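**Student:** For reference, the structure I am asking about is given below.
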């Protein structure tokens, strides 16, 4: 009989410092969810990270708008009035 083994072992650790009231809140939420605090924090932090990165990695448009977007990408470049002058000027970082 084969023994099922997890796909990967958890070897990394993430430690954080937090106020007692936040710890109490996390413990209560984890308990209400039937999870350990560690599993609760990992699951919800992972979901938050995916949402935070989604707008930087995922681009969703309805089909008709997607087709128009692709047409714009495929057409020859066109000069934008004033862009050369704007880019030749100081950047925001230079103004600080």
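**Student:** Hey, could you pull the Cα Rg and Dmax for the chain, both in Å?
**Tutor:** Considering the chain through its Cα atoms, Rg and Dmax are 24.4, 73 Å.
**Student:** Would you mind putting 17-27, 39-49 in packing order, based on average other-beta-carbon counts within 10 Å, highest first?
**Tutor:** 39-49, 17-27
**Student:** Over the residues of segment 21-76, compute the C-alpha Rg and express it relative to 2.2 N^0.38 Å.
**Tutor:** 1.95
No value in this document is a laboratory result; all are computed from the given coordinates. Keep in mind it's a predicted model, so treat the numbers as computed, not measured. Using ideal geometry, Cβ is built from the backbone for each residue, glycine included, and neighbour counts are taken over all protein chains shown.
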